Amino acid sequence: RSRDKKVILSMGLLWTAGGLFSAAAAWISFTVVRPLEWQWRALVMISAAPSVLILGLFPWLIESPRYHLNLNREQEALATLTKIDSANNKNVKGRKRLPANLRLIHHSGKGGSSGGKGGNGKKVLGVWRTLVSKEYLLTTTLVMALWFLNMGAYFGICFVTPSYFKAMNGNEFLASLIEAAAEIPGLVAASFLVDWCGRKRTLMGMYACMAVATAVMSLDEYLPFPALVVAAVFSRGSADGGIMTLYLYTPEVYKTHVRNVALGLGSAVSRVAAILASYLSFR
């Protein structure tokens with residue numbers, strides 16, 4: 001259970017931290033930096049700093065055991081698994097270690113042998129066929145629809161909420177910071193709900209909350225500003241909580257060998273929705 005909370009909180013908080021970092025970078029670049037022609041350059045350089053930091057962390061990143069196994073490098077795969085097992089069971093009493101005589105066997109599946117480009121191509125094609133097979137076609141259609149609609153709604157809300165928060169001193173940078181921080185309540189709620197009431201009910205709850213809160217935001221002529229701010233917090237927070245729940249839910253409804261592709265497809269579909277939301281919002 002604690003794993004599910006950690007997955008949502010780690011991904012969600014990093015996502016939110018990126019939004020806070022971007023807002024802070026824009027605030028510094030466009031209010032502190034002089035002359036004007038260097039402001040956008042400063043924003044680009046500050047925004048590139050995390051990428052440089054990530055490159056510096058790669059020497060400490062372990063390789064995937066599956067990748068080693070695909071190349072028939074069993075000993076390297078075993079060494080990585082042993083390291084992972086040791087880290088996962090470091091503080092667990094009575095832990096069971098991996099057996100000393102453990103052997104890893106690569107299952108090539110219907111795609112043929114694991115070696116060679118032809119066999120690998122058939123294996124990839126087999127994964128895509130599984131996603132649209134009779135067994136998974138309905139699941140794939142529904143899950144991809146959730147990714148598309150959830151991300152489209154999320155970015156649509158992102159483009160609307162700054163107008164509410166900007167009323168605070170008319171500072172759009174402060175508005176962006178508050179807007180990004182508004183995701184935290186939704187992340188915390190989703191991290192507890194996924195185990196308490198299940199993945200599907202969590203998604204249903206997040207979408208219902210998002211729909212009601214977004215509808216309340218349209219009543220700006222009848223409600224005071226504080227009520228609209230609360231609605232905006234619930235709207236964006238529940239949208240982000242839904243996305244993080246989808247990241248947890250999607251791999252769990254597919255077989256092991258197609259999970260990564262299913263998650264990647266969902267992410268790709270969501271980016272299309274994000275592009276459309278930005279296009280429709282700023283026409």
Arg97 is checked against (1) at pLDDT below 60; (2) in a loop (DSSP other than H, G, I, E, B) and fails just one. What number does that condition carry? (1)
Is it the case, given these coordinates, that Val216 is in a helix (DSSP H, G or I), modelled with pLDDT under 90 and either on the phi < 0 side of the Ramachandran plot or open to solvent by 20 Å² or more (accessible area, probe 1.4 Å) (or both)? no
Residue under question is Ile178, and the condition is that it be open to solvent by 40 Å² or more (accessible area, probe 1.4 Å), under 26 Å from Phe21 (Cβ atoms), touching a helix residue (DSSP H, G or I) at 6+ places or on another chain (Cβ under 7 Å) and part of a helix (DSSP H, G or I); does it hold? yes
Evaluation of Leu276 against (1) over 23 Å from Phe21 (Cβ atoms); (2) under 18 Å from the mean Cα position of the chain (by Cα) (one fails), failing number: (2)
Candidates Tyr249, Tyr254 - the one that is under 17 Å from Asn150 (Cα atoms) and either of a type outside the set (Asp, Glu) or at pLDDT below 90 (or both): Tyr249
Go through the residues of the range 242-258 one by one and say whether even a single one is surrounded by 15 or more Cβ atoms within 10 Å (Cβ to Cβ) and among the acidic types (Asp, Glu). no
Give me a count of the residues in the range 187-202 that are open to solvent by 10 Å² or more (accessible area, probe 1.4 Å), of a type outside the set (Phe, Trp, Tyr) and without any contact (Cβ under 8 Å) to a residue 60 or more places away in the chain. 7
Which of the residues that make up the range 132-170 are at pLDDT 90 or above, within 22 Å of Ile275 (Cβ to Cβ), surrounded by 13 or more Cβ atoms within 10 Å (Cβ to Cβ) and of a type in the set (Ser, Thr, Tyr)? Thr140, Tyr154
Close pairs from the range 57-79: first free of Cβ contacts under 8 Å to residues at least 40 places away in the same chain, partner open to solvent by 90 Å² or more (accessible area, probe 1.4 Å), Cβ under 7 Å, at least 6 apart: Ile62/Lys83
Members of the range 32-61 found to be assigned to a helix (DSSP H, G or I), of a type in the set (D, E, K, R) and open to solvent by 100 Å² or more (accessible area, probe 1.4 Å), listed by number: Glu37
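The values are calculated or read from the model by the stated rules, or taken from the named source; none is laboratory data. Being a predicted model, the structure only gives us computed values, none of them experimental. Backbone-built Cβ (ideal geometry, glycine too); neighbour counts: all protein chains shown. Side chains included, ligands, DNA and RNA excluded: accessible areas come from the protein's heavy atoms. Shrake-Rupley method; radii C 1.70, N 1.55, O 1.52, S 1.80 Å.
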